[in-house]
Amino acid sequence: MLFFSSRRRLPALCALFLSALFPLCALGESLSPEEVLLADDVLLPEEALLADDALLLEELPDTGVPSVSSAAREELIDRILSLAESLYRSAGGKPQRAQYSGDIYICKNFTVHLFRESCADFRIAAYPDVPLVIPNNLPKADCAPYVYGIAWQDVSAQEGNPFYAAASFRYDDNLSAAQNRENARAFLMQAQRGDYFQMAANYYYGVGAHSMVFIADYDPETDTVRWTDSNMKGQTINGERYAYVQYDAVKEIDWFVDAFCRKKYGATIYRLREDIVYAADVN
């Protein structure tokens with residue numbers, strides 16, 4: 001028979017309890033410490049919780065770190081995509097004129113229109129008096145040695161540009177075709193909802209610059225992206241260009257990689273800054 005002093009009795013009892021418990025646990029599926037913490041049905045016995053040396057599971061404290069995106073930023077994205085969907089539904093599957101400089105259904109004009117019609121109520125927190133703007137494409141001469149359409153002009157936040165280049169791909173002649181393709185895929189996997197996408201590409205429907213907006217994060221399960229745009233597809237009617245508006249279009253990313261992963265070609269993902277605020281809150 002074993003005897004314990006009152007001072008040592010409780011820890012010893014706990015030790016006996018745990019030694020009896022662990023062999024039973026070993027019969028089941030083994031859980032890592034992280035899995036134990038996450039499992040809803042793993043409970044410590046009440047006796048162990050009362051022991052001096054028992055393991056205590058405490059609720060994680062609130063760190064006070066804000067969420068990745070502000071409410072204002074999310075609403076701006078919602079407005080952009082809502083307008084895109086509205087224009088898509090209004091078109092009713094019929095092509096829209098995309099011939100003249102003022103036509104909003106030309107590819108870059110379409111994405112610019114979505115932003116300009118949606119941004120008036122928002123500002124960059126650090127520059128509350130500056131209305132938001134969206135940059136034009138980088139001029140052809142400034143794109144060299146790459147072709148036109150790979151990027152936007154460099155407009156500062158102080159001037160109202162709420163976007164930054166979150167990721168970019170440029171075909172690298174010093175790498176193999178396979179390495180370039182791997183880099184292009186990794187680049188496109190970074191796509192997030194609300195990102196603007198600018199590419200110079202040779203794709204199924206045409207060759208040249210194209211702009212669009214991702215309406216969802218890259219989906220690793222299906223290896224796809226979803227987007228909205230205009231003028232990727234089109235036709236000529238009475239000598240004028242007409243474009244089809246797309247919303248919730250979807251392709252595997254290899255479709256895009258085939259298009260822009262070429263010598264002298266490339267693409268850029270532009271993302272809204274995190275510090276987007278409501279203009280009414282800062283003016």
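The values are calculated or read from the model by the stated rules, or taken from the named source; none is laboratory data. It should be emphasised that the depicted structure is a prediction, and the values quoted were computed from it without experimental measurement. Note that we place each Cβ from the backbone using ideal geometry, even for glycine, and neighbour counts take in every protein chain shown. Only protein heavy atoms, including side chains, enter the accessible area calculation; ligands, DNA and RNA are left aside. Shrake-Rupley method; radii C 1.70, N 1.55, O 1.52, S 1.80 Å.
Quick check: with the 1.4 Å probe, what order do VAL130, VAL225, VAL207 take by accessible area, largest first? Spell out each step's value before the answer.
Working: VAL130 40, VAL225 0, VAL207 105 Å².
Descending accessible area places them as VAL207, VAL130, VAL225.
Starting from the Cα-Cα distance between GLU74 and TYR203, subtract it from 0.36 nm times their residue separation and give me the gain in nm to one decimal. Mind dumping the intermediate values first?
Values: separation 129, 0.36 × 129 = 46.44 nm, distance 3.13 nm.
Once the chain is fully extended between GLU74 and TYR203, it gains 43.3 nm.
Given a Förster distance of 35 angstrom, what is the FRET efficiency for ASP219 paired with ALA120, based on the Cβ-Cβ distance and rounded to 0.05?
The formula returns an efficiency of 0.65 here.
Given an 8 Å cut-off on Cα distances and at least 6 residues of separation, report the relative contact order of the stretch 155-274 as a percent. Numbers along the way, then the final one.
Working: 230 pairs, mean separation 42.9, N = 120.
So the answer I get is 36 percent.
Arranged from highest to lowest average of other beta-carbon atoms within 10 Å per residue, in what order do the peptides 75-83, 134-142 appear?
75-83, 134-142
Work out the length of the dipole vector of the stretch 152-217 about its Cα centre, built from +1 on the beta-carbon of each Lys and Arg and -1 on the beta-carbon of each Asp and Glu, and round it to the nearest 20 debye.
Details: 4 positive and 7 negative charges, 41 e Å.
About 200 debye.
Select from GLY194, ALA167, SER156 the residue farthest towards the positive end of the dipole of the stretch 154-200; place +1 on Cβ of Lys and Arg, -1 on Cβ of Asp and Glu, and compute about the Cα centre.
Value computed over the given set: GLY194.
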